[in-house]
Structures are given as structure tokens and as C-alpha cells.
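FYI, it's all coordinate maths here, none of it is from the lab. Owing to the predicted nature of the structure, the values given are computational and were not obtained by experimental measurement. No Cβ is skipped: glycine too gets one built from the backbone with ideal geometry, and neighbour counts run over all protein chains shown.
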Amino acid sequence: MPKPQNQELKRSLTPLMLWGLGVGYVISGMYFGWNLGLEKGGTLGMAIATVFIILLYVC
């Protein structure tokens, strides 16, 4: 009968990465309301915010 193996997950997130995720979630949450965002920032402001949020999700 084979011996049971201890399997553990490798920790890959650093505190800096967790901080970056938190900041990205807050910023993207602030601009989730499209109507409010368009009212406050205008079309160009929303375009800039959208590109920034896309970069946060992709990178």
C-alpha cells in the first residue's frame, strides 16, 4: 500500500500583488456605474478609465 503524500499549494501572491489587486478592484468598482462615470468624467474621461481598467485586468 503506497504512503500518503502531503500535497501543498505553492504560494505565488506577494503582498505587493495583493495590494495591486485591491487597488484595481476599488478603481474598477468606482467606474462600474457607467451613467455616473459619464456624468462626472465625460466621454474622454470614461475612455481613459476604461483603458486603465483593461490594463489592470490584463497585466
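A few notes on this one:
- Three principal axis extents describe the C-alpha atoms of the chain; from largest down they are 67, 21, 15 Å.
- For the chain, chymotrypsin sites (Phe, Trp or Tyr not before Pro) are listed when DSSP marks them as loop and at most 10 other Cβ atoms sit within 10 Å of their Cβ; the list is Phe32.
- Label point distance in nm, Leu9-Ile54, each placed 7 Å from Cα along Cα→Cβ: 3.1 nm
- Extended-chain gain in nm, criterion 0.36 nm per residue less alpha-carbon gap, Leu16 and Glu39: 5.0 nm
- Folded to 0 to 90 degrees: helix 15-30 orientation relative to the chain principal axis, Cα: 30 degrees
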